[in-house]
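The values are calculated or read from the model by the stated rules, or taken from the named source; none is laboratory data. Note that the coordinates shown come from a computational prediction; the quantities given were computed from them, not determined experimentally. Here the Cβ positions follow ideal geometry from the backbone for every residue, glycine too, while neighbour counts run over all protein chains shown. Side chains included, ligands, DNA and RNA excluded: accessible areas come from the protein's heavy atoms. Shrake-Rupley method; radii C 1.70, N 1.55, O 1.52, S 1.80 Å.
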Amino acid sequence: MRIISGKYRGRKLYTLEGLKTRPTLDQTKEAIFSSIGGYLNDQVILDVFGGSGALSLESISRGASKAYIIDNNIEAIEIIKKNKEALKVQDELVIYHGSYEQVLKRLTNIKFDVIFLDPPFRMKVIDELIEFIIDNNMLKEDGYIVAEYPKEDVVNKNYENFRVRLCRRYSSSEVLILERE
């Protein structure tokens, strides 16, 4: 796995061994970032299931000023810390170890430009997470919610004051990008 664009382009990232995480494919990452504008100048990012931290680190490479990562897996947290240190993004990356429910409640006072939702495929929580984000007004106007989930899952795509920016299948997953109007 590597950073595909921006100031850290080409830098390799550490990942978890085995099948404990499911990295977002480069093709999928490129489609996501192209859909939300490519570069994220001074934007604030939330990555709710961080894995290796690849989406947050890609965002920082593309100009995001701050990224917050949540993950409950201690092995994933250690990998994210290794990647944070390797890229020397100490000030730009904030890592939270804990359940997404607990940590999200602590972050409701922050408004994000982009929120990534890429839970383990066995978890069926996309709709619940989107509703929590909307109910707690965690997304800035013109912000994006980017969700990746198994292509066979049925996910609500109709939310008041949001439009579907992208909904496309890639390999075994589907990516949904909602834009706040």
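A few points about this structure:
- Taking a ≥ b ≥ c as the square roots of the eigenvalues of the alpha-carbon gyration tensor, region 100-181 is classed oblate because a/c is 1.5 or more while a/b is no larger than b/c.
- Using every pair of separate Cα atoms, the Kirkwood estimate puts the hydrodynamic radius of the chain at 16.1 angstrom.
- Once the 1.4 Å probe is applied to the protein heavy atoms, the chain comes out at 49 Å² accessible per residue.
- Potential extension, Glu85-Cys167 segment - 0.36 nm per residue separation minus Cα distance: 26.1 nm
- Coil-residue trypsin sites (Lys or Arg not before Pro) of region 51-115, DSSP, other Cβ within 10 Å capped at 16: Lys88, Lys111
- For the chain, the mean residue ellipticity at 222 nm estimated from helices alone is -8000 deg cm²/dmol, where every DSSP H run of n ≥ 4 contributes -39500 (n - 2.57) and the total is divided by all residues, rounded to the nearest 500.
- Under the convention that each Lys and Arg Cβ holds +1 and each Asp and Glu Cβ holds -1, the size of the dipole of region 22-112 around its Cα centre is about 180 debye.
- Region 125-181, relative contact order [Cα under 8 Å, separation at least 6], %: 39 percent
- Computed on protein heavy atoms with a 1.4 Å probe, the accessible areas place Asp42, Asp47 in the order Asp42, Asp47, largest first.
- Amide H contacts of Leu93 (H built 1.01 Å from N, in plane; Pro and chain starts excluded): Ala67 sit under 5 Å, all sequence-distant by 5 or more or on other chains.
- Integer Hz, Karplus 6.51/-1.76/1.60 couplings in order for region 156-173, x for Gly and Pro: 5, 10, 10, 10, 4, 6, 10, 10, 6, 8, 7, 8, 8, 8, 9, 6, 9, 10
- Measuring only protein heavy atoms, the 1.4 Å probe finds Val155 accessible over about 20 Å².
- Relative contact order [Cα under 8 Å, 6+ residues apart], region 28-88, whole percent: 33 percent
- Rounded to 0.05, the FRET efficiency of the Gln27 and Lys124 pair, given R0 = 35 Å and the Cβ-Cβ distance, is 0.90.
- Cα-centred dipole magnitude for the chain, charges only on beta-carbon of K, R (+1) and D, E (-1), debye, nearest 20: 620 debye
- Each Cα pair under 8 Å and six or more residues apart adds its sequence gap; the mean of these over the residue count of the chain is a relative contact order of 18 percent.
- Rolling a 1.4 Å probe across all protein chains gives Thr15 an accessible area of roughly 50 Å².
- List Arg168, Arg122, Arg163, ordered by accessible area with a 1.4 Å probe, largest first: Arg122, Arg168, Arg163
- Rolling a 1.4 Å probe across all protein chains gives Met123 an accessible area of roughly 50 Å².
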